[in-house]
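The values are calculated or read from the model by the stated rules, or taken from the named source; none is laboratory data. Source: prediction; values computed, not measured. Cβ sites come from the backbone with ideal geometry, for glycine too, and all protein chains shown count toward neighbours. Heads up: the accessible areas ignore ligands, DNA and RNA and are worked out on the full protein's heavy atoms, side chains in. Shrake-Rupley method; radii C 1.70, N 1.55, O 1.52, S 1.80 Å.
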Amino acid sequence: MKNFYIAITLGVLCASSASAEFKSGYYDKMNGKSAGELKNAAKECVLKHQTLVYSDLPNYWQYSDVYPELVNGCKRWWDMYSNAIYLIQPGQSGKSSFSANKMQREHSVPKSWWKLNGSVEYTPAYSDMWNLYPSDGAANQAKLNYPLGITASASYNNGVTKVGGAQTGYGGGSRYVFEPADEYKGDFARAYMYVATVYDDINWVVNYMYKKETYPTLQPWAREMLLQWCRQDPVDQKEIDRNNVVEQYQGNRNPFVDFPELAEYIWGTRTTETFYVKDQEGSDPTPPITGDPEITMPVNGEGLGFGQVAVGRSETRVLQIVGKNLTSPLSVRVTGADRAMFVPEITKEIPAATINQNLGYLLNITYTPTSEGSHEAKIVLYDGGLEGSIAVTLQGEALPMPTFTTLTALEPTDVTSTTYTARWNPVAAGEIADYYVLTRTRIVDGEQETDTYETGETSYQINDRDANVAETYYVQYSRLGMLSEPSNEIYIAGGSNVEELYHCAPMQIFAIEGGFAIRTTAAENAPLHVFDINGIEILTVDTPVDGSEYYLPTGVYILTSDTLRPFKLIVF
């Protein structure tokens, strides 16, 4: 249990009284089932959900993965990988705070464990909030793609995350494992069980903990360990609150949080018993009215900032609306001269029962400026039995569409058999980079693996280099939510000798929508050959020219040249 969780009552029910809040009938398909049939029914109940954009996850996490108490008036990220204090400063979005704190989006079940035609992004698991959490950068780099387990000796230990050699019987054949802190073992176990349930048919290429089968999906050692972790660290308020918020954004819940005993019925000590969904004690759809209607969040007169946005672009913020004792739907109206630029997702009414729940309603508001300058409007909340209304000021600043220059990637430094520091020149004088984006590509067992990293610096340390695997990197920078063109590409050869391992690749290929583009600074390049998945050459570019674009039908292709490493391209 997370015994350091401190419940506060800023319009939120006490931790001891909040409960799972799934809709009536949501889990009815699970009634009367057991073992494998129960697992299949649970999948049917929660499978359908919205596929979120991976890069936008911090904007959702700022409501699902933050501590309930403020630190110096700021929200604090709830990082299950470290004890570091990462804050969301006033005016920051989730994404901008993530970048400023150098945090990372971490897949609980590593994305490299599944792959189809070289892609890890083909499945909703890639951005499923039940498989991703905010993470300290150093801890994320240390845990890599190791399975969960119990460490015999830790080579990395920050007090929350331990990485090291696996104890006998743990790891599923992996030499190293990632062991979370005791207070998070149940959280991770329930995340892994969710993935085993919803994605049992995924293309698993790493089988430490999973195998592609409907039941039981989990490897025997993993099944026993995850069950034990669930027993030792049962569901707590953090997970209950997160379950409710994730449903608002993604549209589905984690059944292993709603029913802590469900894992025992599917994999544990109760597989011979029949499961029934019990009525939720004390969870009336509309809590009894015990006082005057009021809105406790937001406070009348407070502001909601959207930061800087390019004209014609959009930025979305969330207004959390929490109340109690509302007797009728809450009405929403936007007023002010600039009201047309601030659009809430709901322009009529929000049900009283939703507002009266412990986390209230998360209202998305989108700012789309049509002219440069500062803009302001007010969103007014009224009705619901309230006396008067609540007004929140909406503020945003619109800037001209930025112009971008192309960065120059530099040769890496501190190159060893396991590490190197990628480097690049800063943006030109007078330009602004909100943050830099490093893209790193490796060819592992004939498959292309690509990772991206965000940083505010002009360098980034890579700690998991394989001396026998060649890789490349290039860099871009972000401004007002847009990215510059890719830089030149730096190539790092595979091999144990770290001398002269890198050079600027003479020609680079970049995927674009519907095809690929060529970047090159060479006067002449060797011909470029494009093969389909059957090995048939479908295109030859005799003289590759910088800036050329080529479009292909949907499919998987291999591009080769004497001056280019093999490049796998997936066209959707």
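Data table
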quantity: Checklist (1) within 16 Å of V318 (Cα to Cα); (2) of a type in the set (S, T, N, Q); (3) within 27 Å of the chain's Cα centre (by Cα) applied to T347, failing item; calculated: (3)
quantity: Residue match in the range 77-84 (condition: open to solvent by less than 10 Å² (accessible area, probe 1.4 Å), over 23 Å from N463 (Cα atoms) and of a type in the set (F, W, Y)); calculated: yes
quantity: Any hit, the range 181-190, residues being open to solvent by less than 60 Å² (accessible area, probe 1.4 Å), more than 18 Å from E106 (Cα to Cα) and among the small types (G, A, S); calculated: no
quantity: Q141, sole failed condition from (1) part of a helix (DSSP H, G or I); (2) open to solvent by 20 Å² or more (accessible area, probe 1.4 Å); (3) at pLDDT 90 or above; calculated: (3)
quantity: Which listed residue is touching a residue at least 40 places away in the same chain (Cβ under 8 Å), open to solvent by less than 20 Å² (accessible area, probe 1.4 Å), farther than 18 Å from I462 by Cα and in a loop (DSSP other than H, G, I, E, B), from L381, L394, L407, L386; calculated: L407
quantity: Count of residues meeting criterion [in contact with an Asp or Glu (Cβ under 9 Å, 6 or more places away or on another chain), of a type outside the set (S, T, Y) and modelled with pLDDT under 90] in the range 105-116; calculated: 1
quantity: Complete set of residues in the range 335-351 that are open to solvent by 10 Å² or more (accessible area, probe 1.4 Å) and either at pLDDT 90 or above or in a strand (DSSP E or B) (or both); calculated: T335, G336, A337, D338, R339, A340, M341, V343, P344, E349
quantity: Criterion violated by F510 - all others in (1) touching a strand residue (DSSP E or B) at 6+ places or on another chain (Cβ under 8 Å); (2) at pLDDT 85 or above; (3) open to solvent by 10 Å² or more (accessible area, probe 1.4 Å) satisfied; calculated: (2)
quantity: Members of the range 43-55 found to be touching a Lys or Arg at 6+ places or on another chain (Cβ under 8 Å) and modelled with pLDDT of 95 or more, listed by number; calculated: E44, C45, V46
quantity: Verdict on A154 being of a type in the set (G, A, S) and more than 20 Å from the chain's Cα centre (by Cα); calculated: yes
quantity: Filter result (buried (at least 22 other Cβ atoms within 10 Å of the Cβ) and either in contact with a Gly (Cβ under 9 Å, 6 or more places away or on another chain) or not in a helix (DSSP H, G or I) (or both)) within the range 191-207; calculated: Y199
quantity: Whichever residue in the range 169-180 is touching a residue at least 12 places away in the same chain (Cβ under 8 Å) and over 27 Å from K238 (Cα atoms) and, among such residues, is surrounded by the most Cβ atoms within 10 Å (Cβ to Cβ); calculated: G171
quantity: Residue in the range 303-334 that is most open to solvent (accessible area, probe 1.4 Å), counting only those that are among the polar types (S, T, N, Q) and under 27 Å from the mean Cα position of the chain (by Cα); calculated: Q308
quantity: Single condition I518 does not satisfy, out of (1) at pLDDT below 85; (2) more than 21 Å from P412 (Cα to Cα); (3) part of a strand (DSSP E or B); (4) open to solvent by less than 60 Å² (accessible area, probe 1.4 Å); calculated: (1)
quantity: Residue match in the range 408-427 (condition: in contact with a helix residue (DSSP H, G or I) (Cβ under 8 Å, 6 or more places away or on another chain), over 30 Å from D241 (Cα atoms) and modelled with pLDDT of 95 or more); calculated: no
quantity: Residues that are under 18 Å from T197 (Cβ atoms) and either surrounded by fewer than 18 Cβ atoms within 10 Å (Cβ to Cβ) or among the acidic types (D, E) (or both), drawn from the range 238-259; calculated: E239, E247, G251, D258
quantity: Restricting the range 38-69 to residues that are open to solvent by less than 40 Å² (accessible area, probe 1.4 Å) and of a type in the set (A, V, I, L, M), the residue that is nearest to the chain's Cα centre (by Cα); calculated: L57
quantity: Residue check for A18: open to solvent by less than 40 Å² (accessible area, probe 1.4 Å), modelled with pLDDT of 95 or more and over 27 Å from N157 (Cβ atoms); calculated: no
quantity: Number of positions in the range 410-426 that are open to solvent by less than 60 Å² (accessible area, probe 1.4 Å), of a type outside the set (A, V, I, L, M), assigned to a strand (DSSP E or B) and in contact (Cβ under 8 Å) with a residue 60 or more places away in the chain; calculated: 3
quantity: Per-region count, the range 367-378, residues open to solvent by less than 40 Å² (accessible area, probe 1.4 Å) and either within 27 Å of the chain's Cα centre (by Cα) or within 29 Å of E431 (Cα to Cα) (or both); calculated: 4
quantity: Tally, over the range 170-205, of residues that are in contact with a strand residue (DSSP E or B) (Cβ under 9 Å, 6 or more places away or on another chain), among the hydrophobic types (A, V, I, L, M, F, W, C) and within 23 Å of L47 (Cβ to Cβ); calculated: 9
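Each row is one residue, and each column tells you yes or no for (1) surrounded by fewer than 20 Cβ atoms within 10 Å (Cβ to Cβ); (2) within 18 Å of the chain's Cα centre (by Cα); (3) of a type in the set (F, W, Y).
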residue	(1), (2), (3)
I432	yes, no, no
Y453	no, yes, yes
T458	yes, no, no
Q461	yes, no, no
E471	no, no, no
V475	no, no, no
R479	no, no, no
